[in-house]
Each structure stands twice: as C-alpha cells, then as structure tokens.
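These notes concern the structure reproduced below.
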Amino acid sequence: MTSQGPGQVLFHFVRHWARRPVAADAGGDQGRLVLVCEAVQALSQRGIPATVNAIAHDIGIDQSGASRLIKSATAAGYLAATASPADGRRRETSLTPEGRSMLDQAHRWQEDIFAQLTTDWNDTKRRDFQQAMTDLMDRSYAMGA
C-alpha cells in the first residue's frame, strides 16, 4: 500500500469529519442549524455581509439550499434577517442572542470531542495542530479557495 501525501491526508480528513453524524442529532436538524449559524458567524468575523449567496458559498451549497437553512434557523430563533443598509433589496442575516447561545453550546461540545480525541497529546501538540489548521484556513481564504 502506498502512503498518502499530506494533501490527500488533508482531504481525507475533511471528508471523514464532514460525514460524522452527531450522536444526539440523529435527524441532522441541529447539525444543519449549527452549520448555518457558524457560517453567519464566520462571515461576520471576516467582515463579509451574511447574505444568502455568501452563506451558500461559505457552506458549499446552492442558493436555494442556503435559503432553506436560513429560514429554518430563523424559525428556530437563531438568526434574524434584515434589509442591507447598502442595498434595501438584499437581506443580511445575523445571529440572535439565542443563536449565539446555541453556538456557545455547540463549540463547548466540539472542544470536548477534541479533548477526547487528543487525550494522549500534550498541550504543545494540541496548540501546534490548532495553529497548523488555522494557517491552512487563512491561506485558503487568501487564495479564494
């Protein structure tokens, strides 16, 4: 068997984690709500208005799928949509206090899972992994990938 190069390992890693269901979310509804709320938060942190098209691009789905996710998250009380100050025809989405609270809980769960997966890692290895992943993401955004 040939060994995989680092690029293959990276994409295998992404495919693996993209397919993992959350045990407490058998139907996937909560996972989809977290996904769309994380996209809104990430866009906001990068100074990009969280429009339907921007969210669709961030998640990697079509505009109609993103629209349905936004509608579900809005109905659940996690997102609010308002007219864009730059273009009143365009809607921008933001997190509600309930959405921020839900993301805080989701992020605590993510940290717990990471701690379980890396139980035999020392703090330096955890920080190096975090920094390497952050560097890859920053470079990906800079490349427009």
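The values are calculated or read from the model by the stated rules, or taken from the named source; none is laboratory data. None of the values given here were measured: they were computed from a predicted structure. Quick reminder, even Gly has a Cβ in these numbers, built from the backbone with ideal geometry, and neighbours come from all protein chains shown. Remember, those area values only see protein heavy atoms, side chains included, never the ligands or the DNA or RNA. Shrake-Rupley method; radii C 1.70, N 1.55, O 1.52, S 1.80 Å.
Quick one: PRO85 ticks every box in (1) over 25 Å from PHE13 (Cα atoms); (2) in contact (Cβ under 8 Å) with a residue 12 or more places away in the chain except a single one, so which number is it?
PRO85 satisfies every listed condition except (2).
Scan the range 71-86 for residues that are buried (at least 16 other Cβ atoms within 10 Å of the Cβ) and assigned to a helix (DSSP H, G or I) and jot them down.
Across the range 71-86, the qualifying residues are ALA73, THR74.
Please state which one of ARG89, ARG68, ARG32 is outside any helix (DSSP H, G or I) and either among the charged types (D, E, K, R) or open to solvent by less than 50 Å² (accessible area, probe 1.4 Å) (or both).
Of ARG89, ARG68, ARG32, the one residue that is outside any helix (DSSP H, G or I) and either among the charged types (D, E, K, R) or open to solvent by less than 50 Å² (accessible area, probe 1.4 Å) (or both) is ARG89.
When you go through ALA18, ALA73, ALA50 one by one, which is the residue that is within 17 Å of the chain's Cα centre (by Cα), within 20 Å of SER140 (Cβ to Cβ) and modelled with pLDDT of 95 or more? Spell out how you get there, then give the answer.
Values: ALA18 fails: modelled with pLDDT of 95 or more; ALA73 fails: within 20 Å of SER140 (Cβ to Cβ).
Answer to the check: ALA50.
Taking the criterion of being more than 20 Å from LEU35 (Cβ to Cβ), modelled with pLDDT of 90 or more and surrounded by 13 or more Cβ atoms within 10 Å (Cβ to Cβ), would at least one residue in the range 122-131 satisfy it? If you could, list the steps in order and put the result at the bottom.
As a first pass, look at the range 122-131 and keep what is more than 20 Å from LEU35 (Cβ to Cβ): 122-131.
Of the ones still in play, those that are also modelled with pLDDT of 90 or more are 122-131.
Add one more test, that the residue is surrounded by 13 or more Cβ atoms within 10 Å (Cβ to Cβ), and what stays is 126, 129.
Taking every residue of the range 122-131 in turn, at least one turns out to be more than 20 Å from LEU35 (Cβ to Cβ), modelled with pLDDT of 90 or more and surrounded by 13 or more Cβ atoms within 10 Å (Cβ to Cβ).
Scan the range 82-122 residue by residue and report those that are more than 23 Å from the chain's Cα centre (by Cα) and among the basic types (Lys, Arg).
Once the filter is applied, which keeps residues that are more than 23 Å from the chain's Cα centre (by Cα) and among the basic types (Lys, Arg), the range 82-122 yields only ARG89.
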